[in-house]
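Colleague: This is the structure I want to talk about, given as structure tokens.
Every number here is computed from the coordinates shown, using simple stated rules; none is lab data. Since the model is a prediction, treat every value here as computed from it, not as a measurement. Please note: Cβ atoms are built from the backbone with ideal geometry, for glycine as well, and neighbour counts cover all protein chains shown.
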Amino acid sequence: MARVSRKKQNITPKQVDTAVRIWKTALYVRLSVEDNGKIKDSDSIENQTALLEEYVASQPHLHKVALFVDNGYTGTDFLRPEFTRMMEAVQSGIVDCVVVKDLSRLGRNYIETSQFIEKICPFYGLRFIAVNDNYDTATVTSEGQLSASLSNIVNDYYAKDISRKVTSALQAKMERGDYIGNYAPHGYQKDPENKNHLIVCPETAPVIRQIFQWRAEGMSYMGINKKLNEAGILSPSQYKREHGVKTNNNQKTRTILWNKHMVTEILNNIVYIGHLAQKKGSQCLYGGIPYHITDKEEWVIVKNTHEPLISEELFEKVQQLNREAVEKTKANHGKYDHLPKVNNIYGKKFVCAECGAAMKLTRSISTKKDRAYFTFKCPTHAEHGDMGCKDVKMRQGDLDDAVFAFIKAQMDVFLDIEQDLRRLLAMKKSKLKQDNTQQEIKALRQKLANKQSLLSNLYVDLKEGILSQEEYVSHRTIITEDIEAISVHLSELEAAKDETEEQLTGEMKWKFMIRRFYDATEMTADMAEAFIESMSIHEDQTLDIKLSYMDEFAALISTVERLRKEVA
């Protein structure tokens with residue numbers, strides 16, 4: 001029986017009401033290690049970000065609200081600061097879609113990654129997209145789900161297999177006395193003919209010998225530290241920097257001076273009597289053991305692996321002095337336990353604006369030994385005086401009062417702005433109703449459904465011979481362009497219609513924090529954790545405070561200003 005052409009019958013396709021949803025999208029970027037550029041170009045932070053920016057810009061239904069970057073964090077677990085912050089945004093309703101370059105950027109642990117995709121995403125109604133893997137939870141099929149699971153297994157296996165091989169190889173090297181550190185200890189250099197062997201560095205070895213000699217003569221750690229700096233002798237980190245060696249500790253622009261920690265480490269290191277003590281820190285990915293400082297019993301010690309810089313007699317004399325210093329400290333411990341103590345509620349968020357060091361909360365005791373005083377001081381100045389930094393300090397009570405007043409003022413500003421926002425949004429909604437925007441949206445949805453139906457029927461017409469290949473391509477191009485144009489217009493109208501929800505990427509978080517802390521009467525650790533992103537203090541005690549979600553706060557203010565113009 002011959003088939004009758006639908007074209008001749010002029011049958012109207014079934015109409016579908018297709019709602020267009022705008023997804024509040026976060027871009028998530030992760031890189032394990034920025035090792036002086038030793039990474040694939042495509043995996044760099046910049047290239048991952050550019051890829052995701054371009055992808056989201058090409059998708060009219062995705063609206064970028066935030067970028068989260070974890071630089072230098074492993075993918076073998078989800079203990080990453082920016083990932084945690086992103087999930088807080090998801091829980092607050094700020095984000096409902098996450099886009100990554102590929103599944104390995106999300107994570108390399110099969111169990112945790114699969115649980116995130118299969119359990120966490122559905123629980124929060126979270127859409128997840130891995131661009132290069134063509135994976136999207138909104139459209140994934142059972143075959144796609146299987147493919148993602150296989151990718152997660154491969155990523156997990158790859159990470160653990162590499163870990164197993166590297167761990168075994170390093171263990172064997174340490175046990176045979178090979179030096180496996182990235183940089184030679186100060187006083188030595190790596191043998192040009194064998195990078196796992198240490199040889200004496202003629203420039204820095206005399207410094208090490210002098211440090212041990214001073215200590216043997218009874219000089220204190222701080223005394224040695226001061227003498228080295230006053231003599232202009234380069235610290236280990238400064239020496240590396242001036243010889244073109246970049247490390248995590250020597251990237252600051254200021255001169256890196258000797259400090260007590262450097263001196264103490266040198267004076268306790270058996271490397272200077274020709275022995276190697278390695279594996280002082282350890283981790284085991286394939287065994288599920290995170291990085292940790294190991295006990296001495298776990299160290300791998302091999303004797304007589306290289307030329308010593310000092311005699312064992314001198315080394316042992318210094319160790320005896322070190323032990324006596326420890327015993328003296330222990331004897332004084334608890335002497336003022338009857339006086340109050342306080343915790344630094346700001347942690348590493350609070351730094352000296354002059355040198356960048358985290359401010360240290362110090363306790364001083366009154367002359368009568370009956371009162372304790374607490375002051376934040378720059379640790380660089382405390383250790384090195386004016387040679388290191390300016391005398392930046394502030395009483396703890398004064399700081400708490402200033403920060404508390406600043407946060408309370410910002411909360412009041414937010415409440416005022418939110419009130420204006422609600423009033424302006426109500427006015428705009430009223431205006432939109434008068435402009436018949438709702439009717440226009442309905443008409444566009446209908447038009448979009450018609451175009452999508454036509455596009456679906458084109459291929460059938462091609463197969464039935466109703467359309468030639470050339471006609472098919474031409475019609476498809478025209479209809480596709482129409483669909484894209486309608487989708488963009490519809491997205492704009494929907495965004496305006498739902499402005500109360502789509503506008504305020506930071507509003508819900510601020511409302512939550514205000515609800516929790518508005519009635520507070522003093523600064524607390526929880527308040528500092530919730531509100532403060534960073535904080536610095538200058539020599540004149542001027543404070544620079546950056547609160548969390550201030551970008552969203554600024555966007556909120558911008559929205560209010562724009563709405564005022566629109567409803568005027």
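Colleague: How charged is the neighbourhood of Gln189? Take every other residue with its Cβ under 15 Å from the Cβ of Gln189, and add Lys/Arg as +1 and Asp/Glu as -1.
Modeller: Net charge in that neighbourhood comes out at -2.
Colleague: To continue, here is another question. Decide, for the range 305-393, between rounded, prolate and oblate: order the square roots of the alpha carbon gyration tensor eigenvalues as a ≥ b ≥ c, take rounded if a/c falls under 1.5, and otherwise choose prolate if a/b is larger than b/c, else oblate. Working shown, then result.
Modeller: Details: a/c = 2.73, a/b = 1.42, b/c = 1.93.
Because a/c hits 1.5 or more and a/b fails to exceed b/c, the range 305-393 counts as oblate.
Colleague: So if each residue of separation counts as 0.36 nm, and I subtract the Cα-Cα distance between Ser534 and Lys368, what length gain in nm does that give?
Modeller: Here the answer is 56.0 nm.
Colleague: Loop-only trypsin sites (Lys or Arg not before Pro) in the range 340-426, please: DSSP not H, G, I, E or B, and at most 15 other Cβ atoms within 10 Å.
Modeller: Filter output for the range 340-426: Lys341, Lys368, Lys369, Arg371.
Colleague: Compute the signed sum of charges (Lys and Arg +1, Asp and Glu -1) over the other residues within less than 13 Å, Cβ to Cβ, of Ser220.
Modeller: Local net charge: +2.
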